[in-house]
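Taking it in order: structure first as structure tokens, then the write-up.
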Amino acid sequence: MKNHTLKIAFHGAAGEVTGSRHLVTAGDKTLLMDCGMFQGHRNDAALKNREFKFPPASVDAVLLSHAHVDHCGLLPLLFKNGCDAPIYATPATAEIAGIMLADSARLQEADARFYNKIHAAEGLTIEPMYDEDDANKAMAQFKPLGYDTVFEPIPGVTARFQNAGHVLGSSMIQLDLGTGAGKRRLVYTGDLGRAETLLLDDPTAPKNTDYLVIESTYGDRLHEPLQDAEGKLVELIKTTYKEGGKLLIPSFALERTQEIIFILDKIRRYNLAPELPVYVDSPMAVSLTEIFNKHRDSFFFDEKFRDYAKTDGDPFGFDFIRYLRSKEESQTLNNKKGPMLIISASGMCEGGRVLHHLRNNIGKDNTTILLVGYQAAGTLGRRIQDGEKKVRIFGMEYEVAARVDTMHSFSSHADKNDLLAFIKAVNPARGVFLVHGDAEARAELKLSLEAQGIKNVVCPAMGEEFELN
């Protein structure tokens, strides 16, 4: 194993959630771990997404932890700006990323058209960052590899993917290389799954790790028990049925939507709530759910889910849920009277069809908006969650009369206790870098780790570089 000078620089998700981009330099070669899109207010997102702080053409390899847009969403822009490196990922991640990136391109183009149309008189316009051709160019660079397959992304560095338990196909990235001080192992968790999940098998802590780069999204809080989710959803369905309104769930198309569908399937199977029409209004969520269904007997899923799937035969509710792909089908929901339940992307209410459902229903007092995922600061979802009485959608102001509820049970991220247990099990010999968390979450997790005797815990700033010796 050749000796290198090893450095890591943090170009995204440093002091904030979303937008993961971590650049590893080994000698004169560089590899990029994740190339995620920052998700936030339109103006903030444009500033942080449209320009890279390193030359895209200098990247020799990309390693992708999983296919959430905040980890893969800027790959088309990277290649549009001169990168021609291979992209390594698990087969499921590569398959899902193809759907996510194409959908991201279409959403950007559609949102730009709509925004430009309604602001034409003001002369305000926005442009998409990339189009479907750019997404296809990035997808052509994918090289799928299974878990625990050893490969060499750049000379002198060996790598492997290990199960992260976060979403279908998600992985931790393990890098092994020689330095002037000896052999070193760096592990990047990507997003780490929680110990208790509805669908996926839980992650296993890697051994003999020198440096750990780990997310800290929920480093300062604990999740509600998963078993509470079903009962709470039952009560919301009963209220929606009684009032004849709409239960609107802005949801991440990957994992969160499938978890909610799985719970709805159980509620219907055991007759726990009145039956009401259920619509999944997101072409991407429809395609992803089909992929989940295809893999439902695989080792990705935990044993309890596989047992349920065998006895139920249809764990993702294709027999009673209407999965909508076309714009015309989506638009018909605007004029349909309730009761009904609509699941639509995006989870932070920053793009996609959910914006149209919100602008048509947020002013009605028999609408319930159920937020089931992390709402980053500056997003429309966070403003709704924080109880703002007026919000802007597509630049136009709307009164909020709808009830707003939040369920933290669904998170597919490790919470504080999960993170502490995982880091203690890994026991990194030389240091821990806390990323993908806001300032408060990182600070509290760092204090908790130091109290347990874990040394050299670092909260890197955006653009900060470290030499790993």
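A few notes on this one:
- Unmet criterion (only one of (1) within 21 Å of residue 66 (Cβ to Cβ); (2) surrounded by fewer than 18 Cβ atoms within 10 Å (Cβ to Cβ); (3) among the hydrophobic types (A, V, I, L, M, F, W, C)) for residue 429: (1)
- The stretch 50-69, residues that are touching a strand residue (DSSP E or B) at 6+ places or on another chain (Cβ under 9 Å) and either basic (Lys, Arg) or under 29 Å from residue 285 (Cβ atoms) (or both): 53, 62, 63, 64, 65, 66, 67
- Qualifying residue in the stretch 450-463 (condition: touching a Leu at 6+ places or on another chain (Cβ under 6 Å) and assigned by TED's automatic domain parsing to the domain that holds residue 217): yes
- Candidate set: the stretch 339-359, residues that are in a loop (DSSP other than H, G, I, E, B) and of a type in the set (A, V, I, L, M); chosen: the one surrounded by the most Cβ atoms within 10 Å (Cβ to Cβ): 345
- Strands (runs of 3 or more DSSP E) within the stretch 84-162 that include 3 or more residues surrounded by 15 or more Cβ atoms within 10 Å (Cβ to Cβ) and touching an Asp or Glu at 6+ places or on another chain (Cβ under 9 Å): none
- When 199, 145 are checked against the criterion of being in the same structural domain as residue 17 (by TED's automatic domain parsing) and at pLDDT below 95, 199 stands alone in meeting it.
- Tally, over the stretch 360-375, of residues that are over 14 Å from residue 406 (Cβ atoms) and either assigned to a loop (DSSP other than H, G, I, E, B) or without any contact (Cβ under 8 Å) to a residue 12 or more places away in the chain (or both): 5
- Residue match in the stretch 270-279 (condition: outside any loop (DSSP other than H, G, I, E, B), modelled with pLDDT under 95 and within 24 Å of residue 344 (Cα to Cα)): no
- Residue list for the stretch 163-196, filter: surrounded by fewer than 24 Cβ atoms within 10 Å (Cβ to Cβ), among the small types (Gly, Ala, Ser) and assigned to a loop (DSSP other than H, G, I, E, B): 180, 181, 195
- Elements of type strands (runs of 3 or more DSSP E) contained in the stretch 382-454, each with 1 or more residues being within 24 Å of residue 208 (Cβ to Cβ), under 21 Å from the mean Cα position of the chain (by Cα) and of a type in the set (Phe, Trp, Tyr): 431-435
- Scan the stretch 233-269 for residues that are part of a loop (DSSP other than H, G, I, E, B), within 25 Å of the chain's Cα centre (by Cα) and either surrounded by fewer than 24 Cβ atoms within 10 Å (Cβ to Cβ) or on the phi > 0 side of the Ramachandran plot (or both) and the total you get is 1.
- Residue in the stretch 57-78 that is in contact (Cβ under 8 Å) with a residue 12 or more places away in the chain, under 19 Å from residue 126 (Cα atoms) and surrounded by fewer than 24 Cβ atoms within 10 Å (Cβ to Cβ) present: yes
The values are calculated or read from the model by the stated rules, or taken from the named source; none is laboratory data. Predicted model only: the values in this text are computed from it and were never measured. No Cβ is skipped: glycine too gets one built from the backbone with ideal geometry, and neighbour counts run over all protein chains shown.
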